[in-house]
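K.L.:
I have a structure I would like to understand better, so I am pasting it below and will then ask my questions one at a time.
No lab work stands behind these numbers, since they all come straight from the coordinates. Not measured: the values here are computed from a predicted model. Cβ placement follows ideal geometry from the backbone for every residue including glycine, while neighbour counts extend to all protein chains displayed.
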Amino acid sequence: MHLLTSLSNKGRIGLSVVSDYAVPANAPKKEVDVKQFVAELAAHVVPFVILILLSAVLVCASPTPSRLKDLVTIEGVRDNQLVGYGLVVGLNGTGDKNTTIFSTQTLTNLLSRMGVNVPPAAVLVRNTASVLVTADLPPFAQPGTRLDVTVAAIGDAKNLQGGLLILTPLRGADGQVYATAQGSVVTGGFVAGGGGNTQTVNHPTAGLVPSGGIIEREAPSIEPGGRIKLQLRRADFTTAARIAQRINQSFSAGASPVARCENSALVDVEAPPSYRSRIVEFIAAIEALPVESDRPAKIVVNERTGTIVFGNDVRIAPVSILHGALTVEIQTSYQVSQPAPFSSGQTTVTPQVSVAAKEDKAHNVVLQQGASVEDLVRALSAIGSTPRDIIAILEDLRAAGALEAELEVI
């Protein structure tokens, strides 16, 4: 079946329905007024278009909640740092020098434990480097699990590229050995060239041993019980109250609340009776809850790089800003004074110092009520202000009390 349209000279649309079957040649055509057709089309389509646009605006304007897992950590469930002292061997003459005494002593003691007695004065450590080995022990890590370790030279070694880390025990803060490390060192840099023409990329004196550590002792983590304490990654009273409210809505079920806020950084949660024997499932259910976190108005400024980071909720009180640039230029030129020929005078060099000051015309920026930092930056950029000018103005606004946000300078 096909739909055929034809437009007549009188402004009418002729609609004809043509079937695949035989139709008489004198089949009548239904004529529709153009204005009536457009009006009916607009009456049916426009409301749907408006509804779709409003839905898109509401979705974009509404903040996106975060998983509770991304906002908190569980007390007692954390990493533990490990550290050890070891040797990297197999270097191509880029290791420690004989002036590094502890490298010589370490290599001598290592050989002595293997039954080789060598005087320390006869040992050359050019292919050996003393390193510190560090790693992070995950919570509830079981013996036999592998982890990555990081090595860094502590002597005067120039390059750890191609080196091999000898078996090194890794200890925790309590002095116990929790892991051992051994393997090839992978460096993120290199040194090329020789003599006075060398090229160094990144830091060749530090490297990584992928999966080079083996856990030998179970991690000292605290098993979660019937009462769980949630530690906020960033302390905030509003966020803590929302977390407790969201947990109570999901697990209280008309009974007494299971979560309460102790302070801005800690939420105490008691497992409901149905989850007393399933603490892991209860924690997994809590971590999946969506919670909208509250973020304070804050501006971060890096004066070294001229970087400004700010949120969209930073507001500035009504204020007028006058900003001008003052340039002071100091130039020193040297003039040579020569005596007349065959005279007893001497040639002297006289410095001539000139100081010039130039002050540009001040630019005026007026901010109305409800203006944001984005409006200020856009206005200052339009008049040619540099990032450092904007940083100076933000600091002055904070001093004047017109900046309704925290300004952090790093």
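K.L.:
Could you calculate the contour length gain from Glu374 to Ser184, that is, 0.36 nm times the residue separation minus the distance between their Cα atoms, to one decimal place in nm?
P.N.:
Once the chain is fully extended between Glu374 and Ser184, it gains 63.4 nm.
K.L.:
In addition: Treat the count of other C-beta atoms within 10 Å as a stand-in for reagent exposure and order Leu407, Leu266 from fewest to most.
P.N.:
Sorted ascending by nearby Cβ count, the order is Leu266, Leu407.
K.L.:
If you line up the Cα atoms of the range 227-291 on their principal axes, what length do they span on each, largest first, in Å?
P.N.:
Its Cα atoms span 31, 23, 20 Å along the three principal axes.
K.L.:
Which whole-angstrom value gives the distance between the alpha carbon centres of the range 87-109 and the range 244-267?
P.N.:
Value for the Cα centre distance between the two parts: 58 Å.
K.L.:
Now for a separate question. Only loop residues by DSSP count here, and only those with at most 14 other Cβ atoms within 10 Å; note down the trypsin sites (Lys or Arg not before Pro) in the range 218-272 that meet that.
P.N.:
Sites meeting the loop and neighbour criteria: Arg233, Arg234.
K.L.:
On average, how much area does the Cα convex hull of the range 168-300 cover when viewed from any direction, in nm²?
P.N.:
Reported value for the Cα convex hull: 14.8 nm².
K.L.:
Indicate the gyration tensor shape class of the range 99-213 (rounded, prolate or oblate), computed on the Cα atoms with a ≥ b ≥ c the square roots of the eigenvalues: a/c under 1.5 is rounded; otherwise a/b larger than b/c is prolate and the rest oblate.
P.N.:
The shape class here is oblate.
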